[in-house]
Amino acid sequence: MAEILELELAKARLSVNQAESELTRLERMLDKRYGVSIDIALCDTIRNAQRRVAEAREQLMKVKSGA
């Protein structure tokens, strides 16, 4: 049982790290100013990445609270 919990925690941490890394990468791209149309698309993608970060953090908290 403990191994399953550890695996779930590791998966949740990995999801958070991946989502945060993707968000950081997208924000850096936005700073480069590729043009208005690209920036608008990036803003939408950044919003989606922010949502994924929040969902991943929420999942991590659920797994931790079940520990």
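Brief remarks on what is shown
- Out of Ala12, Ala19, sole residue that is touching a residue at least 24 places away in the same chain (Cβ under 8 Å), under 19 Å from Gly66 (Cβ atoms) and surrounded by 13 or more Cβ atoms within 10 Å (Cβ to Cβ): Ala12
- Any hit, the stretch 44-61, residues being in contact with a Cys (Cβ under 8 Å, 6 or more places away or on another chain) and not small (Gly, Ala, Ser): no
- Condition met for Glu58 (part of a helix (DSSP H, G or I), modelled with pLDDT of 95 or more and not small (Gly, Ala, Ser)): yes
- Failed item, numbered, when Cys43 is tested on (1) out of contact with any Asp or Glu (no Cβ under 8 Å at 6 or more places or on another chain); (2) of a type outside the set (Gly, Ala, Ser); (3) modelled with pLDDT under 90: (3)
- Residues of the stretch 22-40 that turn out to be surrounded by 13 or more Cβ atoms within 10 Å (Cβ to Cβ) and over 26 Å from Leu7 (Cβ atoms), as a count: 6
The values are calculated or read from the model by the stated rules, or taken from the named source; none is laboratory data. Note that the structure is a prediction, hence the values are computed from the model and not measured. In this analysis, Cβ positions are derived from the backbone assuming ideal geometry, glycine residues included, and neighbour counts consider all displayed protein chains.
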